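The values are calculated or read from the model by the stated rules, or taken from the named source; none is laboratory data. Just so it is clear, the structure is predicted and the values come from calculations on it, not from any experiment. In this analysis, Cβ positions are derived from the backbone assuming ideal geometry, glycine residues included, and neighbour counts consider all displayed protein chains.
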């Protein structure tokens, strides 16, 4: 591939990826507990350097141009979202740092989506996916709705008629950069291995939900910027393609 085409193509691909990611952020502006992804690019070294092949001959002037850009690893923006009042006793939000433990007791996932409900077996689950909500002992939580409403304290202690039922699993991790979205508003390690959990410092707010961290105006502006950058790179690809075609036709006639 022509060197200029390669550089332009890398820019187009990186900006198309950014556009797709930010579009997903925009689509989730009303998703409870959603945390947007932040995109970026990084400089790509020349192929000889990137592939660690110093013995290969190369053009030093072209190497100074690099090989364009690559999409950097998407980072999750875990900034606190606004809290909104709710009428359901099972709607909970975390004010501050921390996550609810959900899913597999042997390898729980994390979420900020506090839309909880009871399933047919009276187990506390996520309303959106039916995923079990776990206690501080990483066990499923069972609540008998016939015994009256529940009260949830700031530390996650669930009480019913003044008696403790369970304590919500509230945890954090030492390195949030190792987390990735796994769907349903949940997060786990990039490699799928069990999380190293720490005690959360945030406070549980009953009758509240955390709104999406995605900003509509910011997302729209970033989508437009990524779109313009992608179109500029595609325009450069078209220009270089036409120049190559003209050069081939010109030299072809001369021969």
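At least 2 residues being under 27 Å from the mean Cα position of the chain (by Cα) and modelled with pLDDT of 95 or more is the threshold, and among the strands (runs of 3 or more DSSP E) wholly inside region 97-169 those reaching it are 99-102, 109-111, 116-118, 124-126. What are the residues in region 197-241 that are loosely packed, with under 12 Cβ neighbours inside 10 Å and touching a strand residue (DSSP E or B) at 6+ places or on another chain (Cβ under 9 Å), if any? Selection gives 199, 201.
The residue that is surrounded by the most Cβ atoms within 10 Å (Cβ to Cβ), counting only those in region 16-35 that are over 11 Å from the mean Cα position of the chain (by Cα) and part of a helix (DSSP H, G or I), is 18. Taken over region 176-225, the criterion of being in contact (Cβ under 8 Å) with a residue 12 or more places away in the chain and in a helix (DSSP H, G or I) is satisfied by 176, 177, 178, 216, 219, 220, 222, 223.
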